[in-house]
Amino acid sequence: MHKVKVLLRRQELVSATRDESVLDVVHTMARARVGAILILDGSRLVGVFSERDLMTRVVVPGHDPAAVRVGEVMTRDVITAESDDTRSACVEKMRKVGCRHLPIFDDGELVAMLSMRDLLRDEIQEQEQEIESLRAYLHQQPPH
C-alpha cells in the first residue's frame with residue numbers, strides 16, 4: 001500500500017471564506033462539482049463545509065441559505081492528513097469521525113482535498129493490478 005501523495009493531483013483547491021453566504025458557497029461547490037469545500041482564513045484552514053452540513057444545519061432547520069454565513073454552519077473540528085500518510089490511515093481517520101472528505105497537507109501547506117471515493121478508487125485500481133499480476137503469473141504470461 002502506498003502513501004496518499006501518489007493520489008495527489010495538482011488540483012486547484014476549491015475554497016471559500018467564513019463570511020460568504022451558504023448560498024454563494026453552494027453555488028461555488030456546484031460549479032466545481034465537489035461535495036465539500038475548504039473554508040479558509042487567508043491560507044489557514046478554519047473549517048470544511050459539506051453537503052451534509054448544508055442538509056443538517058441549513059435546510060432541515062429551515063434557515064435561509066442567502067442569509068446564513070458559512071462560518072456559522074461549517075464543520076470546525078476538521079480532521080486532516082499528511083501526504084505521507086497511507087491510504088488505510090486516511091480511510092481509518094475518516095471512518096472514525098464519519099466524514100467523507102479529508103484535507104491533505106504537505107510540509108505544512110494545504111495541497112488537496114481527498115474524498116472517500118478517491119481513496120476507494122485507488123484501492124480498487126491497486127487490487128485490479130494485483131489480480132492482473134496473479135493471472136499473468138498463473139498463466140506464465142507477462143502482465144499488460
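The values are calculated or read from the model by the stated rules, or taken from the named source; none is laboratory data. Just so we're clear, the structure is a prediction, and the values are computed from it rather than from any experiment. Note that each Cβ is placed from the backbone with ideal geometry, even for glycine, and that neighbours are counted across all protein chains shown.
State all residues of segment 59-76 that are within 23 Å of the chain's Cα centre (by Cα) and farther than 12 Å from Asp24 by Cα; if no residue qualifies, say none.
Residues satisfying the conditions are Val59, Gly71, Glu72, Val73, Met74, Thr75, Arg76.
If I ask for residues that are surrounded by 15 or more Cβ atoms within 10 Å (Cβ to Cβ) and basic (Lys, Arg), which ones from segment 39-68 would you list?
Residues satisfying the conditions are Arg52, Arg57.
At least 1 residues that are within 18 Å of Met116 (Cβ to Cβ) and touching a residue at least 12 places away in the same chain (Cβ under 8 Å) in each: list the strands (runs of 3 or more DSSP E) lying fully within segment 8-90 that qualify. If you could, list the steps in order and put the result at the bottom.
Working: elements: 15-17, 36-41, 44-50.
Where strands (runs of 3 or more DSSP E) fall fully within segment 8-90 and carry at least 1 residues being within 18 Å of Met116 (Cβ to Cβ) and touching a residue at least 12 places away in the same chain (Cβ under 8 Å), they are 36-41, 44-50.
Filter segment 91-110 for residues that are in a helix (DSSP H, G or I) and in contact with a helix residue (DSSP H, G or I) (Cβ under 7 Å, 6 or more places away or on another chain); which is modelled with the highest pLDDT? Walk me through how you get there before you give the answer.
Taking segment 91-110 and keeping what is in a helix (DSSP H, G or I), we get 91-97.
Applying the additional criterion that residues be in contact with a helix residue (DSSP H, G or I) (Cβ under 7 Å, 6 or more places away or on another chain) yields 91, 94.
Details: Val91: 87, Met94: 91.
Among them, the one singled out is Met94.
Table: residues versus (1) in contact with a Gly (Cβ under 8 Å, 6 or more places away or on another chain); (2) over 27 Å from Val25 (Cα atoms).
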site	(1), (2)
Val46	yes, no
Ser83	no, no
Arg100	yes, no
Asp106	no, no
Ala112	no, no
Glu132	no, yes
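Give me a count of the residues in segment 26-40 that are farther than 19 Å from Cys99 by Cα and at pLDDT 95 or above. Steps first, please.
Narrowing segment 26-40 to residues farther than 19 Å from Cys99 by Cα: 27-28, 30-32.
Now narrow it down to the ones that are at pLDDT 95 or above: 27-28, 30-31.
Summing the residues that are farther than 19 Å from Cys99 by Cα and at pLDDT 95 or above in segment 26-40 gives 4.
Being among the hydroxyl-bearing types (Ser, Thr, Tyr), modelled with pLDDT of 95 or more and in contact with a strand residue (DSSP E or B) (Cβ under 8 Å, 6 or more places away or on another chain): is that true of Ser50 here?
Numbers: among the hydroxyl-bearing types (Ser, Thr, Tyr): yes; modelled with pLDDT of 95 or more: yes; in contact with a strand residue (DSSP E or B) (Cβ under 8 Å, 6 or more places away or on another chain): yes.
In short, yes.
Name every residue in segment 91-108 that is farther than 14 Å from Gly35 by Cβ and either touching a Pro at 6+ places or on another chain (Cβ under 7 Å) or without any contact (Cβ under 8 Å) to a residue 40 or more places away in the chain (or both), in order of residue number. First the steps, then the outcome.
If we filter segment 91-108 for residues that are farther than 14 Å from Gly35 by Cβ, which is where we start, we get 91-93, 95-98, 104-108.
Listed by number, the residues that qualify are Val91, Glu92, Lys93, Arg95, Lys96, Val97, Gly98, Phe105, Asp107, Gly108.
Just to verify a result, which residue in segment 111-136, among those that are modelled with pLDDT of 75 or more and touching a Leu at 6+ places or on another chain (Cβ under 7 Å), is surrounded by the fewest Cβ atoms within 10 Å (Cβ to Cβ)?
The extreme case among them is Val111.
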